[in-house]
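Following: one structure in C-alpha coordinates, then a few remarks.
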Amino acid sequence: MLYMINVLLSCAEKESTTNSVNKDDVVLMPVRLMDSIQHLFGNENWRIISGKDTTYRYFSRQNDLQIHVYQYNMNQGDSIQCSFQTIRYTPKGIFWQQSADTFQLIHATLNSNKWIHGADTMFFRLLYSGCIEHQFKGKNATMNRTINLTDFLIRSRYDFLHGTHYADDTTKFKHSSQ
(Lines give C-alpha, C1' and ligand atoms only; values in the text may rest on other atoms or scores of the structure.)
Protein backbone atom coordinates (compact mmCIF):
# COMPACT_ATOMS: atom_id res chain seq x y z
CA MET A 1 0.00 0.00 0.00
CA LEU A 2 2.77 2.41 0.90
CA TYR A 3 4.47 1.55 -2.37
CA MET A 4 1.34 2.50 -4.39
CA ILE A 5 0.98 5.84 -2.60
CA ASN A 6 4.63 6.60 -3.28
CA VAL A 7 4.20 5.81 -7.01
CA LEU A 8 1.08 7.95 -7.28
CA LEU A 9 2.73 10.88 -5.52
CA SER A 10 5.82 10.70 -7.72
CA CYS A 11 3.65 10.61 -10.88
CA ALA A 12 1.64 13.61 -9.69
CA GLU A 13 4.83 15.51 -8.86
CA LYS A 14 6.37 14.73 -12.28
CA GLU A 15 3.19 15.85 -14.10
CA SER A 16 3.01 19.13 -12.19
CA THR A 17 6.66 19.99 -12.95
CA THR A 18 6.40 19.15 -16.67
CA ASN A 19 3.18 21.12 -17.16
CA SER A 20 4.21 24.14 -15.13
CA VAL A 21 5.89 27.09 -16.83
CA ASN A 22 8.26 29.40 -15.07
CA LYS A 23 6.28 32.59 -14.42
CA ASP A 24 9.33 34.78 -15.23
CA ASP A 25 9.78 33.13 -18.66
CA VAL A 26 6.22 33.93 -19.66
CA VAL A 27 6.49 37.55 -18.56
CA LEU A 28 10.02 38.21 -19.81
CA MET A 29 9.98 36.39 -23.17
CA PRO A 30 8.30 39.22 -25.14
CA VAL A 31 10.52 41.80 -23.43
CA ARG A 32 13.63 39.80 -24.36
CA LEU A 33 12.46 39.60 -27.98
CA MET A 34 11.81 43.36 -28.02
CA ASP A 35 15.27 43.86 -26.49
CA SER A 36 16.73 41.82 -29.39
CA ILE A 37 14.94 44.05 -31.88
CA GLN A 38 16.18 47.16 -30.12
CA HIS A 39 19.72 45.78 -29.94
CA LEU A 40 19.72 45.48 -33.73
CA PHE A 41 18.07 48.83 -34.57
CA GLY A 42 18.65 50.84 -31.40
CA ASN A 43 16.96 54.21 -30.90
CA GLU A 44 18.60 55.33 -34.10
CA ASN A 45 18.05 57.05 -37.41
CA TRP A 46 18.92 54.84 -40.42
CA ARG A 47 19.54 55.70 -44.08
CA ILE A 48 18.31 52.88 -46.33
CA ILE A 49 19.91 52.65 -49.75
CA SER A 50 18.25 50.33 -52.25
CA GLY A 51 19.63 50.81 -55.74
CA LYS A 52 19.11 54.52 -56.52
CA ASP A 53 16.39 54.99 -53.88
CA THR A 54 17.15 56.38 -50.44
CA THR A 55 14.69 56.39 -47.55
CA TYR A 56 15.11 56.81 -43.81
CA ARG A 57 13.76 55.02 -40.75
CA TYR A 58 13.91 56.21 -37.18
CA PHE A 59 13.35 53.63 -34.41
CA SER A 60 12.16 54.82 -31.00
CA ARG A 61 11.50 52.40 -28.13
CA GLN A 62 8.42 53.58 -26.24
CA ASN A 63 8.22 50.96 -23.48
CA ASP A 64 9.05 47.29 -22.90
CA LEU A 65 6.55 46.07 -25.50
CA GLN A 66 6.37 48.79 -28.16
CA ILE A 67 8.71 50.50 -30.66
CA HIS A 68 7.67 53.36 -32.92
CA VAL A 69 9.15 53.45 -36.43
CA TYR A 70 9.02 56.58 -38.56
CA GLN A 71 9.78 56.08 -42.24
CA TYR A 72 10.38 59.13 -44.43
CA ASN A 73 12.07 60.51 -47.53
CA MET A 74 13.98 63.76 -47.86
CA ASN A 75 13.27 66.48 -50.43
CA GLN A 76 14.79 69.96 -50.48
CA GLY A 77 16.17 69.47 -46.99
CA ASP A 78 12.84 68.48 -45.45
CA SER A 79 11.21 65.18 -44.55
CA ILE A 80 8.32 64.16 -46.82
CA GLN A 81 6.11 61.12 -47.37
CA CYS A 82 6.28 60.20 -43.70
CA SER A 83 4.67 57.03 -42.42
CA PHE A 84 4.22 55.95 -38.83
CA GLN A 85 4.73 52.27 -38.02
CA THR A 86 4.69 50.29 -34.79
CA ILE A 87 6.40 47.18 -33.57
CA ARG A 88 4.41 45.83 -30.65
CA TYR A 89 3.70 42.76 -28.64
CA THR A 90 0.22 41.20 -28.58
CA PRO A 91 -0.77 37.86 -27.03
CA LYS A 92 -0.51 36.41 -30.57
CA GLY A 93 3.10 37.52 -31.09
CA ILE A 94 5.22 40.53 -31.99
CA PHE A 95 3.98 42.45 -35.02
CA TRP A 96 5.41 45.23 -37.18
CA GLN A 97 2.45 47.24 -38.47
CA GLN A 98 3.50 49.04 -41.63
CA SER A 99 1.25 51.20 -43.78
CA ALA A 100 -0.43 48.37 -45.72
CA ASP A 101 1.06 45.21 -44.26
CA THR A 102 1.55 43.63 -40.87
CA PHE A 103 4.64 41.46 -40.43
CA GLN A 104 5.02 38.93 -37.62
CA LEU A 105 8.36 38.32 -35.96
CA ILE A 106 9.36 34.67 -36.37
CA HIS A 107 13.02 34.84 -35.34
CA ALA A 108 15.13 37.34 -33.40
CA THR A 109 18.70 37.36 -32.17
CA LEU A 110 20.91 40.25 -31.14
CA ASN A 111 22.22 40.42 -34.73
CA SER A 112 19.22 39.51 -36.90
CA ASN A 113 15.43 39.61 -37.22
CA LYS A 114 13.14 37.67 -39.52
CA TRP A 115 9.56 38.79 -40.19
CA ILE A 116 6.78 37.27 -42.34
CA HIS A 117 3.58 38.50 -43.97
CA GLY A 118 1.87 35.82 -46.04
CA ALA A 119 4.50 34.64 -48.52
CA ASP A 120 6.70 37.72 -48.01
CA THR A 121 9.74 37.53 -45.75
CA MET A 122 11.62 40.54 -44.44
CA PHE A 123 15.09 39.86 -43.03
CA PHE A 124 17.55 42.15 -41.24
CA ARG A 125 21.14 41.14 -40.44
CA LEU A 126 23.88 43.16 -38.77
CA LEU A 127 26.90 43.26 -41.10
CA TYR A 128 29.06 45.37 -38.81
CA SER A 129 28.51 48.15 -36.31
CA GLY A 130 26.31 50.78 -37.91
CA CYS A 131 25.44 48.73 -41.02
CA ILE A 132 22.50 46.36 -41.49
CA GLU A 133 21.59 44.28 -44.52
CA HIS A 134 17.87 44.37 -45.32
CA GLN A 135 16.35 41.70 -47.60
CA PHE A 136 12.78 41.94 -48.85
CA LYS A 137 11.10 40.46 -51.94
CA GLY A 138 14.42 39.33 -53.38
CA LYS A 139 16.00 42.78 -53.08
CA ASN A 140 18.89 43.72 -50.83
CA ALA A 141 19.24 47.13 -49.25
CA THR A 142 21.86 48.55 -46.92
CA MET A 143 20.87 50.42 -43.78
CA ASN A 144 23.52 52.78 -42.43
CA ARG A 145 23.22 54.52 -39.08
CA THR A 146 23.14 58.30 -39.40
CA ILE A 147 23.32 61.07 -36.87
CA ASN A 148 20.41 61.44 -34.44
CA LEU A 149 17.08 62.43 -35.95
CA THR A 150 16.89 65.99 -34.63
CA ASP A 151 20.39 66.91 -35.78
CA PHE A 152 19.82 65.14 -39.09
CA LEU A 153 16.65 67.09 -39.90
CA ILE A 154 18.16 70.44 -38.85
CA ARG A 155 21.37 69.80 -40.76
CA SER A 156 19.50 68.59 -43.86
CA ARG A 157 17.54 71.83 -44.00
CA TYR A 158 20.68 73.85 -43.36
CA ASP A 159 22.52 71.91 -46.10
CA PHE A 160 19.74 72.59 -48.58
CA LEU A 161 19.66 76.31 -47.79
CA HIS A 162 23.45 76.80 -47.76
CA GLY A 163 24.72 74.19 -50.23
CA THR A 164 26.70 72.28 -47.59
CA HIS A 165 26.81 68.55 -46.93
CA TYR A 166 26.91 68.00 -43.18
CA ALA A 167 23.72 65.91 -42.86
CA ASP A 168 25.37 62.85 -44.40
CA ASP A 169 28.22 63.07 -41.89
CA THR A 170 27.93 60.15 -39.46
CA THR A 171 30.26 61.67 -36.89
CA LYS A 172 28.92 61.55 -33.34
CA PHE A 173 29.59 64.94 -31.79
CA LYS A 174 30.53 65.30 -28.14
CA HIS A 175 29.76 68.26 -25.94
CA SER A 176 32.85 70.37 -25.45
CA SER A 177 33.85 71.38 -21.95
CA GLN A 178 34.59 75.02 -22.77
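The values are calculated or read from the model by the stated rules, or taken from the named source; none is laboratory data. This is a predicted model, so every value here is computed, not measured. Cβ placement follows ideal geometry from the backbone for every residue including glycine, while neighbour counts extend to all protein chains displayed. Please note that ligands, DNA and RNA were not included when accessible areas were found on the heavy atoms of the full protein model with its side chains. Shrake-Rupley method; radii C 1.70, N 1.55, O 1.52, S 1.80 Å.
A few comments on the model shown:
- Taking only protein heavy atoms and a 1.4 Å probe, the accessible area of the range 32-178 is 48% carbon and sulfur.
- Cα pair distances in the range 47-178, grouped into 5 Å bins until the bin that holds the longest one, percent each: 2, 9, 15, 22, 20, 14, 9, 5, 2, 1, 0, 0
- Extension reserve of the residue 49-residue 104 stretch, reckoned as 0.36 nm per residue once the Cα distance is removed: 17.4 nm
- Sites listed here are trypsin sites (Lys or Arg not before Pro) in the range 36-125 whose DSSP assignment is loop and whose Cβ has at most 12 other Cβ atoms within 10 Å: 52, 92.
- The Cα-based radius of gyration and maximum Cα-Cα distance (Dmax) for the range 123-166 are 14.2, 39 Å.
- About its Cα centre, the range 43-177 has a charge dipole of approximately 240 debye under the convention of +1 per Lys or Arg Cβ and -1 per Asp or Glu Cβ, with nothing else charged.
- Ordered by 1.4 Å accessible area with all protein chains kept, 31, 69 run largest first as 31, 69.
- Residue 127 sits among other residues whose Cβ lies under 13 Å from its own Cβ, and their net charge, with Lys and Arg +1 and Asp and Glu -1, is +1.
- Accessible area expressed per residue, the range 63-178, with surrounding protein chains retained (probe 1.4 Å, Å²): 64 Å²
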